[in-house]
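Data first, discussion second: the structure below is written as structure tokens.
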Amino acid sequence: MRKITLDDIEDLAAGAVVLGTGGGGDPYVAKLMLQQAIERYGPVPVVDAADLDPDGLILPVAMVGAPTVAVEKFLNGSEATRVLDAMQERVGKPAVAVMPFEVGGMNTLYPVAVAAELGLPVVDADSMRRAFPAIEMTVFTLAGIPASPMTLSDVKGNYVLCETIDNDMAEKLIRACTAQMGMISVMVGYSLTARQCAESAINGSLSYCLEIGRRVRAIGAGDAGAYEAFLEFCAAQILFTGKVVDIERRTVEGWARGTVTLEHLDDPTRVMRVEIQNENLIAFEDGEPKVTVPDLITLIDVETGMAMTTEGLAYGQRLHLIAMPAHERWRTPEGIALAGPRKFGYDIDYLPLVVAR
Amino acid sequence: MNSLRVGIDVGGTNTDAVVVDPVGEVLAWHKTPTTPEVLDGISAALAMVLAKVDTDAVGQVMLGTTHPVNAIIRRKGLGRVGVLRLAAPATLSISPLTSWPQDLATTVKGHTEIIGGGHEYDGTEISPLDETAVREFARACHGRVDAIAITGVTSPANPDHELRAGTIVAETLGATLPVTLGHQVGGLGLLERENSAVLNAALTFVGNDIVTGLRRSLDKYELQADVYLTQNDGTLLDAAEAIRRPILTIGSGPTNSMRGAAYLSGLSDAIVMDVGGTSTDVGLLVDGFPRESAHSVEIGGVRTNYRMPDLIAIGMGGGSIIRTTPQLGVGPDSVGYQLTERALIFGGDTPTLSDAAALAGRAHFGSPEHATSHLPPATVAAVMAWVDDRVATLADRIKATRTSLPLIVVGGGAVLVPDTVPEVSKVIRHPHAGVANAIGAAIAEASGTIDRTYTYATSSRDACIADAKNQATDAAVLAGADPAQIRITTVTEIPMSYMPGNCARLHVKAVGPLLNT
């Protein structure tokens, strides 16, 4: 059986920042939680949903809240036990595994730490294959799987059971509760059977994230051909190579928005502008959209290949803007309606990234 | 009139000292190799410069030193620390020192506890401070530790619990045991602030040794000068603060060098290139200060939230070795401090960039005729073209915008840099560029900073920013700055993502010249 060990943590984190597309939070704190959990409880088994009892209960788990708060006040480690217990009681059967909602940012590593603490395997799957800012933006929503019931806990021991009529409302209630919980909480929702998971989740996401991280770290290690190998594995293309010349950050209704502007290294008349709402959403070259959400836009360091979180951007950095096609289920009319540019308030149509080959 | 200032900078290779007068004229300077016992080199450099000036006129002595970072890297002279975190029930998932290199943690870790206390982002308590647990922690530390580090969640915004816990520890163990409080040494980021507090506590003896050692050296000259150490942001800590907060002096070397370059050139916005024997660092001056790196800095393998100058380093210096077979290549290996023995122009047998520079007419030292047989004109031309290309690329890489900036060249290998560089308005050299770092220490100013979370819902954004600026200004005055000359040098605003409520983290720094009393 495959296991996630201490040696995998850096790779998993490096991959999580690539798939985080600028958002999802710096995985540093989650990395240490996972390190301590593996040191305490041992390596974490990774399983395919198809190999589990088809009626077995799988619980997707995530941290919710502001990454800026998470660097200051983080979890005590018992929150997951509380929300999982509450959910198992609500559903009426024990869980056979946990899984990540998203393989982007800190929520890639946190569920693995939870699995270690609970002695459960983690399912090699997620519901986004990238980071998205809202709870309803999952392939489970596309498959008609309700987020409800959801359980939520804070670090002090308060917990909430949410029953909602749709997934949009789940997002609103969880967000409001989390604000009252000191901006950090742990959530379980979209509980599903292994059969549903095998059919509806994006399977293989954890392994995919880990492999991306390995290839990114090979670039940093100076391996010959590592950049090409990384791009090929991700089906990614470098759309622009430039220097950060401007970063504008602003808060709109509590959401961190911003614009980062890159000037081309070889041709300074070419300018690329990336619109950010937690994640990188749209890249415009000279005012024309070149890539749009749900396709992935990630900024990576020209030399080390390390991906940048929005918080880590700074003037003068020399970055490649890489674009990767979103998972095929996001590139359907339903997927675009749920997580395309218009969902984020842009008056722009989705522009499917043309994939070579 | 105590109007002269002495600046000293201890680097990896050399210890430099300068004396400057009130209008910034360099009256004396000296460069000497850094010694294994760092204070020996400081004494030697001091002796040379003080012999050239009226010692009665010296009012201030500013020191930038690698002592603390060396202590951490070599794990020498470090104290054992009792670590208390005020956070429970939050943060129990990551123990203090989890991310530290094992050997350093073993050297430093005394007793550790996470107890009830700390604050939410909005200033309310996570839980009340568990005073009984603080007393038990203190008793458990009795006789087992040399210093204590106390860090509470969100303490930069609300230090009450840290202050109260510090008082209880002092009541229990006596006021002589050094106690570091997190909000005194770090900004937001609990683990990074806790790491800084623990490193600071571990440096208790080192900080004391530097200050008392320097004072003893000065006593020989019956100098009644005020003693300061320079911080990584290019501003000053007075002696008492340096003993309490030695961690803040970490990494002041590159900053001093860039501040010195700014001072010598009279420029506040420029590229600074420091060419040494083995490597070249390039940084950017913005409003007279080095632009800071966006990344957290690791010290001896420990992550902190200090910002260092944003430098790009490459393996090119005056001692870089030129290879001619199998194909032409330069560095990154260097003859380093053996330049005057091994370079061809000094009678040695190793072709270096200094040899090529002498043959190309850029450098005027040594005997270029010794180098001609090893380095034919075509080779010299190829090597200098390589240097010019690296210099141009480096100058361009560090720039934030396409505007053409001047380039200030400092350091012993400055002769390598050509007089014209593409996209650079002019290349500036100064006769004292070799001791720019000590000059940077001598002209350093006092500062105050604030780093905390504000909620714009309760008062307006403008009012919050004004409050942060006032607090930073007050802190600068407390540090000795002239209130009439204080300016705000940094305002960074980071909105909190993913959550409503309009919260932002504000980081503000105020700086001003020392008040002459």
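In this structure, B:THR15 qualifies as of a type in the set (Val, Ile, Thr) and part of a strand (DSSP E or B). When the residues of region A:30-57 are narrowed to those that are crowded, with 20+ Cβ neighbours inside 10 Å, in contact with a strand residue (DSSP E or B) (Cβ under 9 Å, 6 or more places away or on another chain) and assigned to a helix (DSSP H, G or I), which ends up farthest from the other protein chains (Cβ to nearest Cβ)? Once the filter is applied, the top-ranked residue is A:ALA49. Among the residues of region A:167-203, those that are part of a loop (DSSP other than H, G, I, E, B) and touching an Asp or Glu at 6+ places or on another chain (Cβ under 8 Å) comprise A:MET181, A:GLY182, A:MET183, A:ALA201. Using the structure shown, decide if A:PHE240 is farther than 30 Å from A:ALA179 by Cβ, away from chain B (no Cβ under 13 Å), outside any strand (DSSP E or B) and in contact (Cβ under 8 Å) with a residue 40 or more places away in the chain. Answer is no for this residue. All conditions but one from (1) farther than 28 Å from A:GLY220 by Cβ; (2) touching a residue at least 60 places away in the same chain (Cβ under 8 Å); (3) hydrophobic (A, V, I, L, M, F, W, C) apply to A:VAL302; the one that does not is (1). The residue list B:ALA442, B:ALA468 contains one member that is surrounded by 20 or more Cβ atoms within 10 Å (Cβ to Cβ), in contact with a Lys or Arg (Cβ under 6 Å, 6 or more places away or on another chain), among the aliphatic types (A, V, I, L, M) and on the phi < 0 side of the Ramachandran plot, which is B:ALA442.
Within region B:72-108, the set of residues being surrounded by 19 or more Cβ atoms within 10 Å (Cβ to Cβ) and outside any loop (DSSP other than H, G, I, E, B) comprises B:ILE72, B:VAL81, B:GLY82, B:VAL83, B:LEU84, B:ARG85, B:LEU86, B:ALA87, B:ALA88, B:LEU104, B:VAL108. Summed over region A:99-119, the residues that are surrounded by fewer than 24 Cβ atoms within 10 Å (Cβ to Cβ) and not in a helix (DSSP H, G or I) give a count of 1. Among the residues making up region B:394-438, a single one is within 14 Å of another protein chain (Cβ to nearest Cβ), crowded, with 19+ Cβ neighbours inside 10 Å and more than 23 Å from the chain's Cα centre (by Cα): B:LEU405. For the structure I just gave you, tell me whether B:THR180 is polar (S, T, N, Q) and either part of a helix (DSSP H, G or I) or at pLDDT below 95 (or both). Considered against the rule, which asks whether it is polar (S, T, N, Q) and either part of a helix (DSSP H, G or I) or at pLDDT below 95 (or both), B:THR180 comes out as no. Counting the residues of region B:219-236 that are of a type in the set (A, V, I, L, M) and either surrounded by fewer than 20 Cβ atoms within 10 Å (Cβ to Cβ) or at pLDDT below 90 (or both) gives 2. Can you find even one residue in region B:141-151 that is within 14 Å of chain A (Cβ to nearest Cβ) and outside any helix (DSSP H, G or I)? For region B:141-151, residues within 14 Å of chain A (Cβ to nearest Cβ) and outside any helix (DSSP H, G or I): present.
Can you tell me how many residues in region A:237-258 are at pLDDT below 95 and either closer than 30 Å to A:PRO45 by Cα or surrounded by fewer than 16 Cβ atoms within 10 Å (Cβ to Cβ) (or both)? Of the residues in region A:237-258, 5 are at pLDDT below 95 and either closer than 30 Å to A:PRO45 by Cα or surrounded by fewer than 16 Cβ atoms within 10 Å (Cβ to Cβ) (or both). Please verify whether A:MET87 is under 21 Å from the mean Cα position of the chain (by Cα) and among the aliphatic types (A, V, I, L, M), treating the condition exactly as stated. No; evaluated as a whole, the condition is false for this residue.
Considering each of A:ASP26, A:ASP11 in turn, give the residue that is in contact (Cβ under 8 Å) with a residue 12 or more places away in the chain and either within 12 Å of chain B (Cβ to nearest Cβ) or part of a strand (DSSP E or B) (or both). One residue alone meets the criteria, A:ASP26. Filtered by the rule that a residue be within 8 Å of another protein chain (Cβ to nearest Cβ) and of a type in the set (D, E, K, R), region A:62-82 gives A:GLU72, A:LYS73.
When you check A:MET272 against the structure, is it touching a Phe, Trp or Tyr at 6+ places or on another chain (Cβ under 6 Å) and either modelled with pLDDT of 95 or more or buried (at least 17 other Cβ atoms within 10 Å of the Cβ) (or both), yes or no? Taking the combined requirement at face value, the residue satisfies it. Only one entry of B:LEU92, B:LEU63 meets the criterion of being of a type in the set (A, V, I, L, M) and within 11 Å of chain A (Cβ to nearest Cβ), and that entry is B:LEU92.
Per-residue answers, yes or no, for (1) at pLDDT 95 or above; (2) out of contact with any helix residue (DSSP H, G or I) (no Cβ under 8 Å at 6 or more places or on another chain); (3) more than 30 Å from A:THR310 (Cβ to Cβ):
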{"residue": "A:VAL122", "(1), (2), (3)": "yes, no, no"}
{"residue": "A:PRO133", "(1), (2), (3)": "no, yes, no"}
{"residue": "A:MET137", "(1), (2), (3)": "yes, no, no"}
{"residue": "A:THR141", "(1), (2), (3)": "yes, no, no"}
{"residue": "A:SER148", "(1), (2), (3)": "yes, no, yes"}
{"residue": "A:SER153", "(1), (2), (3)": "yes, no, no"}
{"residue": "A:LYS156", "(1), (2), (3)": "no, yes, no"}
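The residues in region A:304-343 that are within 14 Å of chain B (Cβ to nearest Cβ), on the phi < 0 side of the Ramachandran plot and either touching a strand residue (DSSP E or B) at 6+ places or on another chain (Cβ under 6 Å) or outside any helix (DSSP H, G or I) (or both) can be counted, and the count is 12.
The values are calculated or read from the model by the stated rules, or taken from the named source; none is laboratory data. Because the structure is predicted, anything quoted here is derived from the model rather than measured. No Cβ is skipped: glycine too gets one built from the backbone with ideal geometry, and neighbour counts run over all protein chains shown.
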